[in-house]
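These notes are about the structure you will find just below.
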């Protein structure tokens, strides 16, 4: 059976992480491990991980490094290095998965392809309610989500439509735009081939696009995971974007090249 690692990236938002891990504890497919990739959070986050790991139906590890600024690429690489799983699902500690999230990613996995899913954005007020009242939204059916959409608590409900696999999922095999590591599944062998995420990206932005472009350069194709693997993205304030222009310039250079390997990546964590 294919071994799956779910890598959940987080930073100092323990109440959101708890809601996310609770949803993973109720997945229809429990044959996976969870690695919490912690970009330098304080002790509260470690306490959440420890508490849920005691009763979770899957192995759970807390992978941490010191807080010296936004280094999502580095902590994700460190988490990949800590796992020997065949297949890696990247997501975030503020993205609650649907109950079939892992099962559907497993079903869509195919050698030579990465799978990019999408998300439903939740409003500020609705996010506060979910966290304060511990609402188990991962159990909700389409009717309740339709009600949430009518109340403007979510931006859309179309991603909750469930469609099977098929040739249409491979129509945009060369597209990198819009792919995000809040919902991205990649074979470990392909991550190793491209040397993981590029740690030359510091500060928020573009490190996930860089990974996808290099996967495409390596011959790995884009498979559409929409209408199968939604996550519910809890509201948060916008991250500091002071490095965004610099990171965008790095990405433009990469797109014009044929480079495959990260300049500083998984090899930093061997």
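Of the strands (runs of 3 or more DSSP E) lying entirely inside region 53-166, none contains at least 2 residues that are within 15 Å of the chain's Cα centre (by Cα), closer than 30 Å to residue 242 by Cβ and modelled with pLDDT under 95.
In region 23-42, the residues that are at positive phi and part of a loop (DSSP other than H, G, I, E, B) form Cβ pairs under 9 Å with partners that are crowded, with 20+ Cβ neighbours inside 10 Å and at pLDDT below 95, at six or more places apart or across chains, as follows: 40/71. Count of region 1-22 residues, restricted to those that are closer than 19 Å to residue 183 by Cβ and assigned to a helix (DSSP H, G or I), is 6.
One residue alone among 212, 220 is buried (at least 22 other Cβ atoms within 10 Å of the Cβ) and out of contact with any helix residue (DSSP H, G or I) (no Cβ under 7 Å at 6 or more places or on another chain), and that residue is 212.
Of the residues that make up region 93-103, is at least one under 20 Å from residue 199 (Cβ atoms) and either free of Cβ contacts under 8 Å to residues at least 60 places away in the same chain or in contact with a helix residue (DSSP H, G or I) (Cβ under 6 Å, 6 or more places away or on another chain) (or both)? Yes, because at least one residue in region 93-103 is under 20 Å from residue 199 (Cβ atoms) and either free of Cβ contacts under 8 Å to residues at least 60 places away in the same chain or in contact with a helix residue (DSSP H, G or I) (Cβ under 6 Å, 6 or more places away or on another chain) (or both).
The values are calculated or read from the model by the stated rules, or taken from the named source; none is laboratory data. Computed from a predicted model, the values in this text were never measured in an experiment. Here the Cβ is made from the backbone with ideal geometry for all residues, glycine too, and neighbour counts use every protein chain on show.
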